[in-house]
Each structure stands twice: as structure tokens, then as C-alpha cells.
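Working notes, structure below.
The values are calculated or read from the model by the stated rules, or taken from the named source; none is laboratory data. Everything numeric in this text was worked out from a predicted model, so none of it was measured. Cβ atoms come from the backbone with ideal geometry, glycine included; neighbour counts cover every protein chain shown.
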Amino acid sequence: MTGRAVWHRWANLPTLGWLGAVVVLSLAHRQFPGSAWLLVHLTVLGAVTNAIMVYSWHFSEALLRLPVRSRRPLAARLILLNAGSAAAMAGVVLAVWPLTVGGAAAVGGASAWHGAAILGRARRALPSRFASTVRYYLASCALLPFGAAAGAALASMDDGAPGELHARILVAHESLNVLGWVGLAVLGTLVTLLPTMLRTRADDAAEPTSRRALWLLLAGVLAAAAGALAGEQWLTALGIGAYLAGVVVSSGPLVRTVVRKAPVHFAPLSAMASILWLVVALVRLLVLCVTEPDWMALHGALGELTPVLVAGFAAQVLLGALAYLLPVVLGGGPAAVRLRTEALDGAAWFRVVAANGAVLLYVLPVPSTVRVAAAAVGLIALCAFLWLVVKALWLVVRAAERTAAELTAAERTAGELTAGERTARGGKAPSKPTAAMEARTRYGSGAIGLALLLAAVVAGVAADPSAVSIAEGGGGASSGNVSVKPTGHTTTVNVTMSGMHFSPASVTVQAGEHLVVHLHNLDPTPHDLTLANGKASERVAPEGTSDFDAGIISTGLDGWCSVVGHKEMGMTFRINVGEAPAANPAINEAAQPFTPYPAALPPALPGTVHRITLTVQDTVRAVAPGVTQDFWTYNGTAPGPILHGHVGDRFEITLVNHASMGHSIDFHAGSLAPDGPMSTIAPGNTGTYAFTATAPGIWLYHCDTMPMSLHIANGMFGAVVIDPPDAPPVAQQFVLVQSELYYGQPTDGSGGQPGSADPAKIAAEKPDAVVFNGYADQYKQAPIQAEAGQPIRVWVLDAGPDRPTSFHVVGGQFTTVWAEGAFRLAPGSGASQAMDLAPGQGGYVDLTFPEAGHYPFVTHYMVDAERGAEGIFSVTTGLHW
């Protein structure tokens, strides 16, 4: 017994370790890309698979009355299994497919080896009443290698959006692994384990019924997998139906056993609940196989069943089995077994109610905040189990250290003294709890679990007040639960995440279409996509991709990135339902491709008199990833053309208004009465503006027509650079004009033709983006090239209309700062870290990059940098033109 106890202490550690990893990842899952997939596999491939291998061997020896032999081969199989499981999961997370293949091969090899070892021992065993359980183990071991191979094949296909083949292999993978490997092992074991948990005899029909059901179950698994691989959905439906029938048949004797002896303790309650969830999942899966029009639709619907199969079935039966088996296999005598059993049965009804209620809440159409709260309740139940295991193991250590005499004394002190001893001590014998007292304790424990679930719902709704309308299926913009007939068509859209925006920022599908969003994160920080109906993608790592199944779309849905602060920075998304608008530039970046505004200062205009024509026109242009604005522009760009000259040059500007409304122009570089030159010019008319540049600097020009803030915010600004005669020479010069964007609503109200800047946002001083040279984060996508060791000059102008700037280069120090006509830092007098400018002001900074690398530049008003006013200098040791 001692040898067996020591063995099981070590053999059960991997199972408990994988469960501990589930807890850790659950607490930090938002920080790990692919966490949803990893949680499933930590539970099933890690914890459940280890337990199956350990206890299938234990039950095979017990049921076949085999003598205990060396467990070294079993230990070797467990080592191979755990190494393979870890490698397979690491390979998927790190996108190293050979590692995944090697891990899958190790898992399949360990299973095949295990099945061969059980078969070898079973052939030499005497006949046994419950030998059919061993046949279940042999069948499950034979299926796992194929399921592992299907998993490796899926890993090789995860670089792109899922296609039909991916969906079919996934169905085969889940059929072989969940229904085959896990399901057969569980159903075979419960034939004898559940009556043992209930401390009653097995039903007389249990063994023959189990033997007959095996063939139905095995045929169901094979048909479901074969149908998926062959692309025959009817065959998969037939297989699921056969498997469901097998579960119902094999559960008949178990139901009669439960009727005869109702479960009240954690182990049988958890085991029975797991079978109920299995039946629920199978019924739902069968309905999906019959009703879903294609494999892609079935693929999307399978995601709804994952919590049921993993948390409701696999994890729950594992915890129930461990709660009963651990006290027994760890030995120590009847008293120690009783103490450990009582420990693992602590708060039984609370844990059962909390766990099953959490699964129920998670699968109902509730908002994401309620699901998060429900998942937290389920995690509490799992943590409680692990804590009770630690407590039980501590009791084992105590029991092992005490002598038999000390154990007897402890038992007698606990209430087993004789009547004479009790009288001699003047005490009373402890009263045994009555059945009524035990029932009240159980009901009270369950009531606490139910109260915790209700608190989770309240907390979820409080965190998202729109949850009430969503849960009721209200027809608001964020509702997604209205019943609609599926069209049978699946739409896959590619969406990039860049510059704190989704691109495109919205998509349009028909009601009843199945939508899959292929996400590609181009930002240096993780993002996700969360919808108002509670569905959410996994968190996508930088440069990573993920396929988000949005399900059947019934009505319009709002979406956003749930990372703290990202929604407020503009990471919002919209799913529209209806006819797609024709040529909608607001959601079609292909219609308005991104071209970076040239940051290099253009050469000074030749001569001393410069005759320039500026044409005012309405221009639809992209201003941020997935965002298009109806701008009013000078010569079609915002900023308008950068004019470059010297002190004393004369500029003669002809302003031609080809726009739909009156506009004007005001040059800060000129000094003259504004009465005539700055007057508003009606559409179709022409005006002139002449000035002489009498002072150096970077000067703003902008529309002077009221409301001036709206005209500037909508693109009517530019810069004039007049070289300071005393400026030191530099190798390169650049111009950065900071401005604000206030996204306007489409003019037709339906997501069609984009509108101009929003006057209400301007008045409230709430910009959607702050940018350099007219486009959010453009110089992160197209960094400015510079050379290490060569001085550069950066001209900075704040066009506003309202936000100031504090220009800073990360990793750089300014050797010269010149602003508004004077040196703030003269050459050779020190270094500066930032240049602050109010709207309408400008200046320049000189700096030299010490070495090659990437040097971000920002406005140090960090909220504005995060809104888009940032970029990168890409510095090399030699420029390549």
C-alpha cells in the first residue's frame, strides 16, 4: 500500500500541475495571444489526458485482478505524454510547426504504447465481470494518435483564414479526441466508479449494457470523423446521433443507480453533472450538423460548445473522479482516507452550483461582462478544489509521520472514546449530525453558490449597462440576438489593426450571413476585437493573426478593442446589416490607398519672386487607418503645399476656389492689412494674395473664413518656411505640421459618402486624432529615413486649431532649438529635450543621431501622441536613395 501511495503522489502531480496552469493562465489570459485555445488544451490535453492514462492503468489492474508490476514503463509513458503535450502547445503558441508535429507524435506514441501495454496484460488475465471497461480504454487509446495527427494538421493551417478543409479537420479532431479519447474512457470508467462513489452496488444490467453501448459509441466516433474528413455532413450527423444514442444507452444503468441512491457528495454530483453537459452538447451538435448549411457555418457554431465540452464535461468529471480517487489511492488507512475524503468534499454543493451555473451563464446569449464574471465564479470553484487537494495532501503527510498508536489516540480524542472514558473526563460524546442537519448544510452551501452567481450577473450588468437591452434582444445598435434565418453563406473579411484603428473600420453583411473576421495586428501592442453581443476574439500579438468567428449576424453590432484605453483612442469597429453601399470610401481603404505625405523640406523656390496658384477643392482622402474624411484642401492635400523661400522673397498667390463653398487664405508669413487679401472667395471665383517674407521661420497659412476652427480642422492649412540666415548647415531638413482630426458623420447617415469635420467635437475640444502632416501614425507605417552622425533639422508647426504640442525625439537630444524668431538654445550651448509650441506657432530643432536604430518622435502631450501624433526616424549608417 505504501508503494502505491508514493507512486500516486507523484503520478497525480502532472494532472494537478496542468490544472494549476489553467488557473494561472485564466488570471492573466488577456496578456497571452491564443489564450482561449491554450486554456482548452491545458485542460484536456494536459490535465484530463494525464488522469486518463494514470487511472485507466489503475482500473485495468483492479478490474482484471492483475498483480501490481513495476510502474517504470507507465512512468516512461507519462514522461513522453507530458513532454509531447508541452511541445505541441508550445509549438502552436510560438508558431513553430515542427515542434507541434513532434509533440503530437509523442502524444500519439504514448497513447499507442499505453493501449498496447493494457492489451498485453488483458490477454493474460482471468475473466472478469467488468472487463468491458478495459475495452473502452483500448478503443480510446487507439483513437488518440489519429486525433493528435489531426491537431498537428490544424496547426499547419492556422496562418490564414479558416477554409472548409480547416473546419472539417477541426470536427474530426474534436470527434476523435473529445468524444473518442476522453468520452470513451470516462463512460467506461463510470460504469463501476459511479456506484462506488455512491457506496452502492452496480446495476445488474450495467456490464452487458456497457458492452453493447461501446460498439455504438465507437461507430459514432468513427462515422463523425470520417464524415468530416470526407466532406459528408450527413455522415457526421449520423455519427453524432449514434454516439448520443450510445451515451443514453450506457447511462441507463447509471440513472437507475442514482435513483436508488441519490448523490449528495461532490464526487458523484460532479460526475453526474458532467454526463448531463455531455448530453446537452451532443444534442446541440447534432442539431447543428443537421441545420447548418455548410462546414464553415458548423465550424463557427462549434465555438459555442467549447465551454460545455471542456468545462462542463471534461473538467468536471475529472474533478469529481479525483475527489473520490485521490483519498483512496494515497492510502494511509481507513481513518486517513476518511479525513481526506471529508476534506475534498468540503463546500460540495457550493462548488457544484458555482461550476455548473458558470458554464450555463457562459453559454447563454449574455454580454461579455457577464461572461467574464461567470468565468470568474467558475475559476473560484476550480481554485477551491486545488486548495482542498493541498489540504488533503497535507493530511497525508501528517498521517505518514504519526505512528499507529498516535493515530488511534487521535481518532479516540475526536469522538471514539468509550462511555466510561467520557464519564471519567466529565465530557459528553460529540453528537452525530442528523440527516436534517446535513441537508441544511448542503442547501446552505448551494445557496451561497447561487448567490455568488447572481452577484456575478449583477456585477456584469453594472459594468456594462447596455447588457440589459442586449440580453432582452432589444433592437438597439448593439443588439445581436434577434432571431434570423441563416442564409447558408459565410463571409470572411480581412481586418488589420494598426495605428490604434481597425481597417476597415466597418463591414456590411446580409442578415443571416455567417461572418468570420481574419485579424492581422500590425501594431507593436496586442489587440482584440470584442462585439457588443458578448463575442470576443483572442488577444492578437504584434505581427500575429487570428480568425474571429462572429457567428450568424442578425442585426448591426458595435465592436471595439477591450485593452484598457484602446477603445477611447479610436479602436472601434462596426458590423452593418444590409446592402453594401457602392464605392464607400469610409470603409474601403482600397479606394483611398495610404500615401505618406512627404516629410522632407522641398528645395527653396528659385529666384526672388514666386508666383504660385493654390486651388481650393473638396477632396475625399484617408486620414487614419479605416477612416476617410471629406476634406477642404489647398491643391488636394492637407497640409497644403510646403512653400520654401528666403528672407526678402516675394510671394504672389493666386487662390482659385473650385470647392462647394466660400474659402479664403491667411499667410502668417506676410505683414499687411487683411481687409482685401483675406476676404472669402465664392465658389468659381479667384483672388490674389501677395506678401514679402521679411522674417525667417516656419509660418502657418490657413483659411480665414468663419468658423475658422472648422475650416482649419477640415484640412485648410499649410506652411511657409523662410530660412534663417544664421542657421547652421545640416544634412537634411524635414517638416512636421501638427493638426487635429474631428471625424464627421457620413452625409447620408448610412455609412456612405464621408462627411467633413464635426463642429460639435471641435467646440467640445474632443479630437478623434492628433496627427503630423494630416494622417495618423503615418510615419510609423512609413518611417522617415535619416543617417547616423549627420545633423538634421526638423521644422515643427502647430496648425491646431486648438491643441498645443511639445515636440520630442525619443533617444535624441536637440543641439539647437529655434522658435518664433529666436534661439531658445543656441548652437554649442547645451542640449534640449523638447520644443513646446502653442497653436499657430512654429520653430525648428537640430539634432544628430549617434547610431543606427529607430528613434520615435512624439508630441509629449502623450494623450495626443497616442491619438496619432507620433512617428519614427529610421536611422542607418548610410542612406540608400
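Points worth noting:
- Here residue 684 fulfils each of the conditions (1) over 30 Å from residue 502 (Cβ atoms); (2) touching a His at 6+ places or on another chain (Cβ under 9 Å); (3) part of a strand (DSSP E or B) apart from (3).
- Residue, surrounded by the most Cβ atoms within 10 Å (Cβ to Cβ), within the range 855-876, restricted to residues that are in a helix (DSSP H, G or I) and either touching a strand residue (DSSP E or B) at 6+ places or on another chain (Cβ under 7 Å) or modelled with pLDDT of 95 or more (or both): 864
Per-residue answers, yes or no, for (1) out of contact with any helix residue (DSSP H, G or I) (no Cβ under 8 Å at 6 or more places or on another chain); (2) free of Cβ contacts under 8 Å to residues at least 40 places away in the same chain; (3) at positive phi; (4) crowded, with 20+ Cβ neighbours inside 10 Å:
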{"site": "770", "(1), (2), (3), (4)": "no, no, no, yes"}
{"site": "790", "(1), (2), (3), (4)": "yes, no, no, no"}
{"site": "798", "(1), (2), (3), (4)": "yes, no, no, yes"}
{"site": "802", "(1), (2), (3), (4)": "no, no, no, no"}
{"site": "827", "(1), (2), (3), (4)": "yes, no, no, no"}
{"site": "838", "(1), (2), (3), (4)": "yes, no, no, no"}
{"site": "850", "(1), (2), (3), (4)": "yes, no, no, no"}
{"site": "853", "(1), (2), (3), (4)": "yes, no, yes, no"}
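- One residue from 708, 678 being assigned by TED's automatic domain parsing to the domain that holds residue 783 and under 49 Å from the mean Cα position of the chain (by Cα): 708
- Given (1) surrounded by fewer than 18 Cβ atoms within 10 Å (Cβ to Cβ); (2) charged (D, E, K, R); (3) more than 25 Å from residue 210 (Cα to Cα), index of the condition residue 124 fails: (3)
- Criterion: touching a His at 6+ places or on another chain (Cβ under 7 Å) and crowded, with 21+ Cβ neighbours inside 10 Å - qualifying residue of 330, 285: 330
- Scanning the range 602-632 for residues that are hydroxyl-bearing (Ser, Thr, Tyr) and touching a Lys or Arg at 6+ places or on another chain (Cβ under 8 Å) yields a count of 2.
- Flag for residue 106 being surrounded by fewer than 20 Cβ atoms within 10 Å (Cβ to Cβ) and under 30 Å from residue 540 (Cβ atoms): no
Each row is one residue, and each column tells you yes or no for (1) more than 30 Å from residue 253 (Cα to Cα); (2) at pLDDT 90 or above.
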position: 83; (1), (2): yes, yes
position: 93; (1), (2): yes, no
position: 96; (1), (2): yes, no
position: 118; (1), (2): no, yes
position: 136; (1), (2): no, yes
position: 144; (1), (2): no, yes
position: 148; (1), (2): yes, yes
position: 156; (1), (2): yes, no
position: 162; (1), (2): yes, no
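- Counted residues, the range 249-273 - those being surrounded by fewer than 22 Cβ atoms within 10 Å (Cβ to Cβ), farther than 15 Å from residue 205 by Cα and in contact (Cβ under 8 Å) with a residue 12 or more places away in the chain: 5
- Residue list for the range 812-831, filter: small (Gly, Ala, Ser), under 25 Å from residue 739 (Cβ atoms) and in a loop (DSSP other than H, G, I, E, B): 812, 821
- In this structure, residue 65 qualifies as over 27 Å from residue 529 (Cα atoms), basic (Lys, Arg), touching a residue at least 60 places away in the same chain (Cβ under 8 Å) and surrounded by fewer than 21 Cβ atoms within 10 Å (Cβ to Cβ).
- In the range 679-703, the residues that are buried (at least 18 other Cβ atoms within 10 Å of the Cβ) and either small (Gly, Ala, Ser) or at pLDDT below 90 (or both): 687, 693, 697
- A search for C-beta distances below 6 Å between a residue of the range 566-582 that is in a loop (DSSP other than H, G, I, E, B) and any residue that is hydrophobic (A, V, I, L, M, F, W, C) and at pLDDT below 70, counting only pairs 6+ apart in sequence or on different chains, returns nothing.
- Among the residues making up the range 613-666, those that are small (Gly, Ala, Ser) and not in a strand (DSSP E or B) are 626, 636, 638, 640, 648, 659, 660, 662, 664.
- Lone qualifier among 641, 585, 598 - being at pLDDT 90 or above and not assigned by TED's automatic domain parsing to the domain that holds residue 799: 598
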